[in-house]
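Contents: one structure, followed by commentary.
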Amino acid sequence: MEKKKRFKMPHAYVIIFIMTVITAILANIIPAGTFDRVEDASGNSVVVADSFHHVDKIGCSIFDMFKSFQIGFEDSAQIIFFIIFAYAFVYVNLKTQ
């Protein structure tokens, strides 16, 4: 009897790349649009019912898809380095006790 192969979870980078490709494809398929907004009495921005209208679609090219990784890392560099240094601080504290 042949043994069934078990599902092996792909690497996290593969999952992120697949999600990016799906998002880039959907950005070119789903129509772009927006709703009009007004401020209510308490100052909150509220969507006006039945005010949807289409806007020019920007889309996402293959080059934009790969460029988005770099832009994302640049925009979140402070958070990334904070997490790395916080982990290093905790690691050093645990190892020196």
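The values are calculated or read from the model by the stated rules, or taken from the named source; none is laboratory data. For clarity, every value in this text was computed on a predicted model and none was experimentally measured. All Cβ positions, even for glycine, are placed from backbone atoms using ideal geometry, and neighbour counts span all protein chains on display.
Structure notes:
- Selected residue (criterion: nearest to the chain's Cα centre (by Cα)) from residues of segment 24-55 that are surrounded by 11 or more Cβ atoms within 10 Å (Cβ to Cβ) and under 22 Å from PHE69 (Cα atoms): ALA24
- Residue check for VAL21: within 22 Å of PHE69 (Cβ to Cβ) and either out of contact with any His (no Cβ under 8 Å at 6 or more places or on another chain) or in contact (Cβ under 8 Å) with a residue 60 or more places away in the chain (or both): yes
- Filtered by the rule that a residue be part of a loop (DSSP other than H, G, I, E, B) and surrounded by fewer than 10 Cβ atoms within 10 Å (Cβ to Cβ), segment 1-17 gives MET1, GLU2, LYS3, LYS4, LYS5, ARG6, PHE7, LYS8, MET9, HIS11.
- Figure legend. Inter-residue proximity from segment 68-97: first residues over 22 Å from ILE22 (Cα atoms), second residues part of a loop (DSSP other than H, G, I, E, B), beta-carbon distance below 9 Å, spacing 6+ or different chains. No pairs are indicated.
- Filter pass, SER76 being touching a Lys or Arg at 6+ places or on another chain (Cβ under 6 Å) and at pLDDT 90 or above: no
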